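Chemist: Take a look at the following structure, please.
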Amino acid sequence: MEAVDIICNGGINPYHQPMSQSIITVPAGATVTTEWHHTLAGADPTDASDPIDSSHKGPVISYLPYLRGLCQRAAIPNATQTDVTGLKWFKIWEDGYDASTATWGVDRMIANAGKVTFSIPSCIPAGQYLLRHEIIALHAASSYPGAQFYMECAQLQITGGGSASPATVSFPGAYAGTDPGITINIYYPTVTSYTIPGENAPTSSLAREARPPRKPPRPRPPRKLPRPQRARARPPKLPQPRRAPLARLRKLPQPPRARAQLPKLPLPPLPLLRPRVQQLLELSLNTVSAVVLAGLVLQSAPPVSPARFSMPT
């Protein structure tokens, strides 16, 4: 981390020769895509470690340089220059650790076939820049030195833009072995948060602007307002007329009912009634005696045999 090779690679990893002299034109605020591969030969479907071995988990970071003193322009005189010492760098994008899915920026880069897409800030001045794109592998970073740095630089011509002067860091010097984002055990205990190294925190307005555009939030449906109550016309209450009191009928005295009086017939004298009653009694006794004698005669008579009939021969 103290060697100048940490700026744009080189040293034990010499620049690819011949060095490219092409400069990529990018409008300020546009989206760019970098592409990583295991070797300079490019994508290799037969290489299990392409674009990088999956064990090399860590953050992915992008910087641009800022050269003070040159009319305060946030650019360099020539993007193809080989001397990159003394430049001031500001972070424009980063992808660290997502605790909700336990994945790293490298995991997302591998899932996207080595491609990383981000935006160039729209507020920086126009000019030529070096884009420093970096991977920090933390699979052996439990002790210092253990973290592995993979960085490359690309030549850009940025057009349009503004006049922002962001805070910067220097390489070497931006990272230290005591930084929590450089020396860390990513296996145990389980990582719950991670601080990406570099003094230019992504919470600045510049870094927020440089992040990839997010999908606009879905508009929330308007809240349903309570329906106004319908006014119901009620007829006015009219005073009800008082009922006339019923005339009370007086009970009139009823006339006495006329009772028909039967004429009183003169009764025969008592001595004349007695012989008639005596005659009736005697007649009744004679009738009863006759009935009893008839019953006795029927009981004493011999039984009658059934009649037999014979047919004449």
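Each reported figure results from applying straightforward, stated rules to the coordinates on display, with no laboratory input. What you see is a predicted model, and the numbers here were worked out from it, not measured in a lab. Here the Cβ is made from the backbone with ideal geometry for all residues, glycine too, and neighbour counts use every protein chain on show.
Chemist: Given R₀ = 45 Å, what would the calculated FRET efficiency be for residue 122 paired with residue 143, taking r from the Cβ atoms and rounding to 0.05?
Modeler: Here the calculated transfer efficiency is 0.60.
Chemist: Which of rounded, prolate, oblate describes segment 126-187, given a ≥ b ≥ c as roots of the alpha-carbon gyration tensor eigenvalues and a/c under 1.5 marking rounded, otherwise prolate only if a/b is larger than b/c?
Modeler: Because a/c hits 1.5 or more and a/b exceeds b/c, segment 126-187 counts as prolate.
Chemist: Label residue 190 and residue 108 with points 7 Å out from Cα along Cα→Cβ: what is the distance between them in nm?
Modeler: So the two model labels end up 2.1 nm from each other.
Chemist: Highest mean first, how do 157-168, 82-93, 44-55, 127-138 rank when packing is the count of other Cβ atoms within 10 Å averaged over residues?
Modeler: 127-138, 82-93, 157-168, 44-55
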